[in-house]
């Protein structure tokens, strides 16, 4: 494998993104897909588990500004839905099938289609890319989670396997808590206020249920077995201080993915939600740069 691993430092200077107003998303239907019209090259971005397209909107807008058409699907049984219950969660293969359907619909309309996702959305992107091979123009893998081993994970997380036993799995939920994947304190305070009186915010649901986590871990196990089949050029972007999934996931992907071109970017001023946190501009600029470099260049005859 030809590795172009560029493990970068992304520390921001005083007065940089840490002081910028947070990219708040308000009055948005969290359960609706989003499509931003652009040019003949498209990108499909998949949000995290029991979350919504809103968490990817800052990146999507930057991609649109760069000339891409961007599609953010909402997958029932995977994404957040008002009033959903643990029994609303579908099998991970259903998530895969729906994402595959969405990707192929784009492929019929656009010259090339790149793919990416945040957290478990990155894992789902790996699952799709392993099946589609060269149909995927490029991959951006953002805080992709193969292990729940970040520094903020509760000590009792190892007991979740007991919770997968019926009927416990249908009544226990994991309550999201600070830092909510955010190093940006201003944005974190805003999310905390939202979570206090709503069932979701732009960074996802206020609670995660066990069936969703169990299906995600089943998908993770499957993806580890098929990752070597992936051929699309891939950029792996991960925060050193990711409190949900440590950089171990990023390192594993870089070592086991079948892609010949792999670039790794390590961020130093964000937590898990890198698409909205302090390093969001670097996430966007590196993704755009990588997608441009991966696109076939046509030379005049």
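FYI, it's all coordinate maths here, none of it is from the lab. Note that the coordinates shown come from a computational prediction; the quantities given were computed from them, not determined experimentally. Neighbour counts are summed over all protein chains in view; Cβ atoms, including those assigned to glycine, are modelled from backbone coordinates with ideal geometry.
Taking 41 Å as R0, compute the FRET efficiency from the Cβ-Cβ separation of residue 289 and residue 88 and round it to 0.05.
Numbers: r = 39 Å, r/R0 = 0.94.
My answer for the efficiency is 0.60.
Please report, in cubic angstrom per residue, the volume enclosed by the convex hull of the alpha-carbon atoms of segment 42-140.
Dividing the Cα hull volume of segment 42-140 by its residue count gives 86 Å³.
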Using 0.36 nm times the number of residues separating residue 151 and residue 135, minus their current alpha carbon distance, what extension gain do you get? 2.1 nm
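What length, rounded to one decimal in nm, is gained on full extension from residue 36 through to residue 224, with 0.36 nm per residue of separation minus their alpha-carbon distance? Write out the running numbers ahead of the final one.
Values: separation 188, 0.36 × 188 = 67.68 nm, distance 3.20 nm.
In short, 64.5 nm is gained.
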Which order do the peptides 93-104, 123-134 take when ranked by the mean count of other beta-carbon atoms within 10 Å per residue, highest first? 123-134, 93-104
Going by Cα centres, segment 97-143 and segment 257-273 are how many Å apart? 17
Radius of gyration and Dmax over the Cα atoms of segment 208-301, both given in Å: 15.6, 57
